[in-house]
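Only one structure is covered here, and it is reproduced in the block below.
The values are calculated or read from the model by the stated rules, or taken from the named source; none is laboratory data. These numbers were taken from a predicted model, which means no experiment stands behind them. No Cβ is skipped: glycine too gets one built from the backbone with ideal geometry, and neighbour counts run over all protein chains shown.
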Amino acid sequence: MEDEGIARRYLYFDFPLDWNLKLNFSVLPERPTPCIINRQKEWMRLLDLEGETVPVIVKSAGNIENPRLLVEIPKEMEKNWKRIERVILDIHGLRDVSDLYEFMEKDSVLRSIKEKLYGFGGAGLMAVSVYEGVVKSIIQQQISLRVAENITANIVERYGNRVRFLGNTI
């Protein structure tokens with residue numbers, strides 16, 4: 001399906017995906033961070049693929065239980081389809097998390113979280129390049145490290161393994 005030099009491809013998934021929920025986690029959706037999410041829940045971003053700038057628009061074309069995403073790129077960029085697809089999958093964490101869901105079912109608190117975030121899937125990458133990652137990690141240090149470390153410690157203490165080694169519980 002092509003018109004006006006636009007190539008449209010679908011990504012199909014065999015696991016639950018709530019595209020709107022995933023996009024709702026954007027702090028500033030309508031500002032380039034570097035992606036933009038418009039009111040129609042279309043994810044838009046420019047990708048730099050070996051010096052070529054590729055505009056990409058991704059939108060839901062299915063539902064949570066039968067998800068598919070419509071990806072629109074310039075027709076002349078179809079040669080980069082596999083790389084574009086990989087970036088979309090990686091940056092959004094689009095992978096099957098059924099093992100995680102099974103684990104979460106065993107605990108009432110985690111089950112509640114699973115129910116609220118059902119279809120979110122995995123966490124995605126924060127950046128598509130090393131440079132972008134370094135810049136974002138520096139900027140995002142404005143968040144309290146103490147809070148982040150407390151949350152990490154709580155999770156590790158509750159769900160992590162413990163081993164006694166040289167008189168210490170690790």
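Note on the stretch 25-58: residues that are under 22 Å from TYR118 (Cα atoms) and surrounded by 17 or more Cβ atoms within 10 Å (Cβ to Cβ) total 3. Residues in the stretch 101-131 that are of a type in the set (Lys, Arg), out of contact with any Phe, Trp or Tyr (no Cβ under 7 Å at 6 or more places or on another chain) and surrounded by 11 or more Cβ atoms within 10 Å (Cβ to Cβ): ARG111 alone. Looking only at residues of the stretch 41-58 that are more than 16 Å from ARG86 (Cα to Cα) and among the charged types (D, E, K, R), we find that the one that is modelled with the lowest pLDDT is GLU52.
Residues in the stretch 88-100 that are of a type outside the set (A, V, I, L, M, F, W, C) and more than 27 Å from GLU4 (Cβ to Cβ) were compared, and the one that is surrounded by the fewest Cβ atoms within 10 Å (Cβ to Cβ) is ASP99. Specify which of the listed residues (LEU17, LEU23) is in a loop (DSSP other than H, G, I, E, B) and at pLDDT 90 or above. Being in a loop (DSSP other than H, G, I, E, B) and at pLDDT 90 or above holds for just one of LEU17, LEU23, which is LEU17.
Do we have any residue at all in the stretch 64-87 that's without any contact (Cβ under 8 Å) to a residue 12 or more places away in the chain and surrounded by 15 or more Cβ atoms within 10 Å (Cβ to Cβ)? Looking for residues that are without any contact (Cβ under 8 Å) to a residue 12 or more places away in the chain and surrounded by 15 or more Cβ atoms within 10 Å (Cβ to Cβ), one finds none in the stretch 64-87, hence no.
Contact map, the stretch 13-42: residues that are more than 24 Å from GLU132 (Cα to Cα) paired with residues that are surrounded by 14 or more Cβ atoms within 10 Å (Cβ to Cβ) and acidic (Asp, Glu), Cβ distance under 6 Å, separation 6+ or inter-chain. Pairs shown: PHE15/ASP96. Applying the criterion of being in contact (Cβ under 8 Å) with a residue 24 or more places away in the chain and either of a type in the set (Val, Ile, Thr) or touching a His at 6+ places or on another chain (Cβ under 6 Å) (or both) to the residues of the stretch 43-59, the residue that is farthest from GLY124 (Cα to Cα) is VAL54.
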